[in-house]
Structures are given as C-alpha cells and as structure tokens.
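I have placed the structure first, in the form of structure tokens, so that the comments after it can refer back to it.
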Amino acid sequence: MLRNKILIIFLCLITILFFAYMIICFTGKSNNNAPIAKMTIIQEEKSNYSINMKRDILCLMLAYPQYITGVESKDQKVYIIMKSGNRIIYDDQNIKRNEEKISNADLQDMMNYVYPIQDIKELMPKNNESGLFRVHTFYNEIYGETRNQIESNLVHVKIKNKRFSFNKNNNAANSLKNVINELIPLAQNRKDINRFVFPVSGTYSYRVVEGTNLLSSHASGTSIDLVCSEKDYWRWVSRKDGQTRLDIYPREIVRIFEKNNFIWGGKWGDFDMMHYEYRPELLLKSRYFSTEPKQGTPWHNGLPYSDSTVNGYIKLIDEACYNIK
C-alpha cells in the first residue's frame, strides 16, 4: 500500500515538472534563457550581422569612391574589390583579442566600433579602441604601399608660416586645409584654442607605432599632431592628469576636425589628445548608422541623401550579399 502511494506521488511530481518545462519552452519567459528566447536572440544577431555588414561596406564605398569598384561574395564570405583589382575580405571570421585586431584586423574589425561623435566628459574606457584598428592593405591601395609611393602623393599644406606634408589622395590634404582655414581665425580671437593648436608638431613621418612594428597613420601622411603637451598622451601621464587635460580641452577644435572627417585621439581608451586622423568612413558610420534600424525599414535607412551613385552602391551591396545571413 505504502509503495503504491509513493509511486503515485512520484508520478505526480514528474507530471508537474513536465508541464512546467513545456510552459517555459513555449512562453520563453524563463529567467534562465529558455530555448525559444535563445533562438530569437540568435536570429536577431544573424540579422544584425547582415545589416551591419552592408552598412559598413556602404560607408567604405561612400568614403573612398575612387578606390572601391565593387563587392562580391564567395563561399559565404564577402569581399570589396579595389580599383587595382585586389579583393579585401570583410570578415575573416576569426575570433581575436584587441591586440590581434591591431596587428591583423579585417574590415569588420575596423568598422565594428562606432566612433563617439558626440562630446565626451570623461576619458573613454581603456578597452575602447575605436579607430585604432586599421586594415593596412586597404589603406595602402589609397595612400601608397611603399615609402616612395606615399611620398609621391604628398603635397604641402601651409599652416601659418610653415609647410607640412599631407597625402593629397581621397581629398585628405584638402580636408586638412579646410580645418586650418577655420582654426586660424578662431585661434586669433581665442587664446585657449591657440595654445592647444599651435605650434603644430607634425604631419607626415615615415615611422611605426610606438611599441609595434606597424606603420603609423603618420607614415601614410593622413594624420596631424597639434602642439605637444606631456599631458596629452597616455604613455606620458596618469589617467587622472589626462582627465584634467580633457576637462579644459576646447571642444571647438574637435568639432572642426570631425566636421572635416578627422577622428580625435582624445576619444581613444589609450588617449592621444594632440592627434587627429583622416578617417571619413568612421565619421560616416557615426553620423548615419550609429543605431540599429527600426523594424520594417531598409538597412540603409538613415542616409540624408540619395542619388544614382548611392543607389548604385546599395544595389551592388544587396546583390553581392543577398545570401549572407
């Protein structure tokens, strides 16, 4: 008799547990990430991957229209086609630490971080490397691969009474001229701006990034260092003193550079406040694609303009990436 009662109780418990499990599975409301909830998240991640990939490629094509001629996919991998005919992979699908991304980034690594175009009140977290990942084979196609090729692309930009070398390709030197033309009259009336800008420390310098064997963006002639202060660079000063420097930094300088497609090293985790670098693709993404698209809108929704060229880019990207999920 007792044995039968125990068996009945055991069967009731099993039945209760079974129905509880079925309810969790079908509602997806478990605190432990139920299977249906997990499936939904995975589907959303896959969808977002495709959207972000298309947006990244569109930003690259808009930023470098003379150098990217097409897009293609092969074996579930997407490549941009350069004017030279070289193909550069968007995502090599390797998992990397930040150190590996700095030395061996692909286009997805390079475009993954959204540059914070809005003002910042505090130093960026140490692990924020927005702008530090560069695909060197990509920039070699634009600004020159060898020292001789780079130097053949340099022109002089006059800054006060000195001339500084800057790369003319992809409108880089003209963009710097626009910055200087706006900064000089502003600095004449603002002592605080003048002391943060002049004298300019340098532009082109064929050298590597400190602590690495990788060429600096200065080596391509696409970066400028303003007046040098020991409080500007993370290797020279504590984060506390760096924060003090950030607090008094004139934001007008930053806005003028960003308006002309330069990113600011002051917005890196390893801050470099004297440093500005010409990166139009990152500014485009920050302006137009910094948030996920609203449901039911096209992946390219957010662009403030549309013409035959832009529509052509969108069509190329859609055709090449139609089967990438």
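Once the Cβ-Cβ distance of E122 and E230 is raised to the sixth power relative to R0 = 22 Å, the FRET efficiency obtained is 0.60.
Computed extension gain for I81 through L186, at 0.36 nm per residue and net of the alpha carbon distance, reaches 33.6 nm. Shape class for the stretch 183-325, computed from the alpha carbon gyration tensor (a ≥ b ≥ c): prolate, with a/c not under 1.5 and a/b above b/c.
Model label sites at N98 and S201, defined 7 Å from Cα along the beta-carbon direction, differ in position by 2.0 nm. Pairs spanning more than 32 Å between alpha-carbon atoms, out of K54/K101; K231/K259; K96/K158: K96/K158.
Its residues counted as N, the stretch 116-278 yields a C-alpha radius of gyration over 2.2 N^0.38 Å of 1.00.
7 Å from Cα along Cα→Cβ at both R251 and Q66: what's the point-to-point distance in nm? The two pseudo-label positions are separated by 3.5 nm. Note on K74 and V209: the extension gain reaches 45.2 nm, defined as 0.36 nm multiplied by sequence separation minus the Cα-Cα distance.
The stretch 139-171 and the stretch 121-137 have Cα centres separated by 24 Å.
Modelled spin labels at T291 and K162, positioned 7 Å past Cα toward Cβ, are 4.3 nm from each other.
Each reported figure results from applying straightforward, stated rules to the coordinates on display, with no laboratory input. Quick caveat, the model's predicted, so the values are computed rather than measured. So basically every Cβ, Gly included, is an ideal-geometry build from the backbone, and we count neighbours across all protein chains shown.
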